[in-house]
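Some notes on the structure that comes next.
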Amino acid sequence: VRGRYTRPRLYEDTRLRIVAGRHPVVEQTLDEQFIPNDATLDTEENQILLVTGPNMSGKSTVMRQVALLVLMAQIGSFVPADEAEIGLVDRIFTRIGAQDDIATGQSTFMVEMTETAALLAQSTRRSLIILDEVGRGTSTYDGMAIARAIIEYIHNEPRLGCRTLFATHYHELTELEQALPRVKNYHMAAVEQDGVVVFLHELRRGGADRSYGIHVAELAGIPRQVIRRAEELLAELEGRRDATTQLRAVHAGGDGVAAPAGDQAPAARLGGRAPRAAATNGQLSLFDVAPSPALELLKRLNINELTPLDALNKLYELQKLAASE
Ligand SMILES: Nc1ncnc2c1ncn2[C@@H]1O[C@H](COP(=O)(O)OP(=O)(O)O)[C@@H](O)[C@H]1O
Ligand SMILES: [Mg+2]
């Protein structure tokens, strides 16, 4: 068959299995080779696929591709895949992209939530729901809370329980796999070779291990100097998080690594402004554990969400904060 399209098999149950599916439009427009992806959903075990991965890794493409293949199959078309078994869907709901509806004066987030509300009200067990980065239109914690609550609702509400693809850059949401039996973590694979990150555009089981936000900033053309500084800050931040955990453990008498009073070794290793361990009889004073504003800001930053310009502005802000500490 022309274009390696295949005849899909349609079923009355709620299975959805695609083997080596391709996006019919993106595969035509790409110069490089399009990487096919599998997807398996149902209403028993693999109800909600939670797809994590950095920007540009292919989350939106793979989700749209599933929706398109289902649509094509149901209008009687062949589909771009090696195999496709599709349990009939009654509706496909998508919430993708963040286009402002300027004409009606609604903000991005309001549009996002209005559409999500409609989809939650109208879906049935037979529907297919595609949610792409829902919650990104608001602040990080808000967004994460809303995203999580939506997933829980789709999972637990008896009227729903329908096949769902949910892409998110909130890594924290991968915890949901433990809490909700029909949520399955997937990620877009990336490999790092000699400091260069390559996105494989391959959907794999399991949560993403890190975000590669700095790599995306580099691809976007942020100056090398800024990238190097960001890497430095990230390493420091990660180191500090470890050190804080260690200090807490010592403080709680947890792991028996008794730090001698006034021991500055962990701080020195970090090469930065580490918590001043001015300890008397092994106790840290309140002053020592007071959070650093720069550190707090850095922790709250969602690198995946930043535009290159945002990143620069934040970096400037961070440096100012650090200087005043
Ligand atoms: N399966 C694939 N094979 C090859 N290239 C891909 C594939 N999926 C995505 N891409 C490339 O990556 C780009 C970003 O994909 P996108 O789905 O928008 O990523 P994300 O939603 O994770 O930010 C696409 O424009 C395309 O060039
Ligand atoms: Mg996307």
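Bear in mind these aren't lab numbers, they're just calculated from the coordinates by the rules spelled out. Owing to the predicted nature of the structure, the values given are computational and were not obtained by experimental measurement. Methodologically, a virtual Cβ is constructed for each residue, glycine included, from the backbone with ideal geometry; neighbour enumeration extends over all protein chains shown.
Give me the number: length gained by fully extending Arg224 to Val19, i.e. 0.36 nm times residue separation minus the C-alpha to C-alpha distance, one decimal in nm.
Working: separation 205, 0.36 × 205 = 73.80 nm, distance 4.05 nm.
Using 0.36 nm per residue and subtracting the Cα-Cα distance, I get 69.8 nm.
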How much length is gained on full extension from Leu88 to Glu192, taking 0.36 nm per residue of separation minus their Cα-Cα distance? 33.4 nm
Over segment 109-251, what relative contact order in percent results from Cα pairs under 8 Å that are six or more residues apart? 15 percent
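Using the eigenvalues of the Cα gyration tensor, what equivalent ellipsoid semi-axes result for segment 119-229 when each is taken as the square root of five times the eigenvalue, whole Å, largest first?
Working: eigenvalues 200, 49, 28 Å².
Gyration-tensor ellipsoid for segment 119-229: 32, 16, 12 Å.
Under 10 °C and 1.306 mPa s, how fast does segment 2-210 diffuse according to Stokes-Einstein, given a Kirkwood radius computed over C-alpha pairs? Answer in µm²/s, whole number. Numbers along the way, then the final one.
Numbers: Rh = 17.5 Å.
Approximately 91 µm²/s, per Stokes-Einstein.
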With each label point set 7 Å from Cα along the Cα-Cβ vector, what nm distance links Gln28 and Glu44? 3.8 nm
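Contour minus end-to-end for Glu231 and Glu172, with contour as 0.36 nm per residue of separation and end-to-end as the Cα-Cα distance?
Details: separation 59, 0.36 × 59 = 21.24 nm, distance 2.15 nm.
Full extension of this stretch gives 19.1 nm more.
With an 8 Å cut-off on Cα pairs and a minimum separation of 6 or more residues, tell me the relative contact order of segment 2-210 in percent. Mind dumping the intermediate values first?
Working: 431 pairs, mean separation 58.8, N = 209.
Once divided by the residue count of segment 2-210, the mean separation gives 28 percent.
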